[in-house]
Amino acid sequence: MKRRSFLQQGATIGAGMALLAGMPMDLLAAYRKRVSANDKIGVALIGANGMGWANLTSMLKLPEVTCVALCDVDDAVLQRRKSELEKLNQQPTLYKNYRDMLANKDVDMVIIATPDHWHCLMLADACAAGKDVYVEKPASNSIGEATLMVAAAKQHNRMVQVNQWQRSQQHFKDAIAFVHSGRLGTIAQTKAWMYNGHGILPPAADAPVPAGVDYNLWLGPAANRTFNPNRFHYNFRWYWDYAGGLMTDWGVHLIDMVLLGMQAQMPERISSFGGHLAYPSDARETPDTQTALYEFSNFQLTWEHTMGRQYGLYGLNHGIAFTGDKGTLLLNRDGWEVRPEMDKKQPKMEALAWQKRVDNGLDLHTANFVAAVKSRDAASLNCPIEAGALVAQVCHMGNAALRTNMSLHWNATQQRFAEKAANKLLLPKYENGWKI
């Protein structure tokens, strides 16, 4: 793969993304023709539904990126995406087995957007095959897998970006810079929350595997179970075999901002409570309502989520709060503001009105990854695997406390809990002949 001289700088890429955002498919296809075939970077997508497709189409706004391969266990998904890519003059090779795809020498970088239980193994294999990786959040489906993923990226010297795209969005950067400025005073309390309007998921009977789906390959290292539509495609995230519920679905985005703002690593103690309280008859395994408390050396973090509700803390359905002795900063995907503490009816600091979002975080994030692939500068990644692994581990700790019904103590030196029952959740058992 040749190294390009144009679009090397982040500012130039950001300007290009602004011009291309919302461009019709036919105009985008014409624009892409301006780049020489010798300057192309070949990307492959594993998992072509939902966010995988969003990540790919975002990356294709960069004219040097071309899709050379699509991989999915569902023939219907592959054919639908193939048809859509033809409108961009893209002719990817189609695969069902990702290991066959990794043998394709035209693949320079891989997007992994499968259910979470596949992330670790696919990332390790992609890195070993010499591919750079853009992996969906949460980075891992367990605490131990996150550590292995960091090691794989380091061992093979690969660029790995986790799709926590808020780290590339300007208003998040501005808000975190304000926290770091110290103007909020001493911050002892932080909060992150998601009040999600998901409705009930009714129980469904087991069913035949849909035509064209390689269900055994979809299960991969997870426990062998009869096909059930509730556990497939989008809803996989509500089952422990494959994911960690809202805690890892949204928690990694929001708790990540807390860790970044507080410049924190691992918590020392974790407690969590919750269950099926909003929907007692719901088919999901993961809780619809959960509160987790994390104690760090100099502050605490409270996470909470609930389903079927839209009105959350401070009137925001999702968000982050940094509460200092001079004021509170509120932040979410729409913007941020500062509310001052009062002292004898006088504000302790100047209020800051709502600062609205001004850019597309996903487009900036994929562009940042492509720039790092070209420069080979891992330090330029906005969310390297180390950052994605950290917040994934913190979220999995909250789930471990819930599942064991214990207050847990983390030993950072030993990378284990003091409580033996929780250590059983550090790594999943790989099934069906797959090895971690």
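The values are calculated or read from the model by the stated rules, or taken from the named source; none is laboratory data. Note that this is a predicted model, so its numbers are computed, not measured. Cβ: placed from backbone, ideal geometry, glycine included. Neighbour counts: every protein chain shown. Note: areas computed on protein heavy atoms with side chains; ligands, DNA, RNA excluded. Shrake-Rupley method; radii C 1.70, N 1.55, O 1.52, S 1.80 Å.
Tabulated data for the structure shown
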item: Enumeration of residues in segment 143-158 that are buried (at least 24 other Cβ atoms within 10 Å of the Cβ) and either farther than 25 Å from GLY261 by Cβ or basic (Lys, Arg) (or both); result: GLU145
item: Residue match in segment 89-105 (condition: open to solvent by 20 Å² or more (accessible area, probe 1.4 Å) and of a type in the set (Asp, Glu)); result: yes
item: Evaluation of ASP206 against (1) surrounded by fewer than 14 Cβ atoms within 10 Å (Cβ to Cβ); (2) touching a residue at least 24 places away in the same chain (Cβ under 8 Å); (3) among the charged types (D, E, K, R) (one fails), failing number; result: (2)
item: Counted residues, segment 30-52 - those being over 16 Å from ALA113 (Cα atoms) and either in a loop (DSSP other than H, G, I, E, B) or modelled with pLDDT under 55 (or both); result: 8
item: Checklist (1) part of a helix (DSSP H, G or I); (2) within 24 Å of GLU145 (Cβ to Cβ) applied to LEU85, failing item; result: (2)
item: Set GLN9, GLN79: member being open to solvent by 60 Å² or more (accessible area, probe 1.4 Å) and at pLDDT below 95; result: GLN9
item: ASN55 within 20 Å of the chain's Cα centre (by Cα), buried (at least 16 other Cβ atoms within 10 Å of the Cβ) and at pLDDT below 95; result: no
item: Only listed residue being closer than 28 Å to VAL133 by Cα and either surrounded by fewer than 22 Cβ atoms within 10 Å (Cβ to Cβ) or modelled with pLDDT of 95 or more (or both), chosen from ARG183, ARG231, ARG225; result: ARG231
item: Scope segment 324-383; condition open to solvent by 50 Å² or more (accessible area, probe 1.4 Å) and part of a strand (DSSP E or B); matching residues; result: ARG339, MET342, ASP343, GLN346, PRO347, LEU352, ALA353, TRP354, GLN355, LYS356
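Results for (1) modelled with pLDDT of 95 or more; (2) in contact with a Leu (Cβ under 9 Å, 6 or more places away or on another chain); (3) closer than 30 Å to PHE232 by Cβ, shown as yes or no for each residue.
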position	(1), (2), (3)
ILE112	yes, yes, yes
HIS119	yes, no, yes
ALA152	yes, yes, yes
ALA175	yes, yes, no
PHE178	yes, yes, no
ASN196	no, yes, yes
VAL209	yes, no, yes
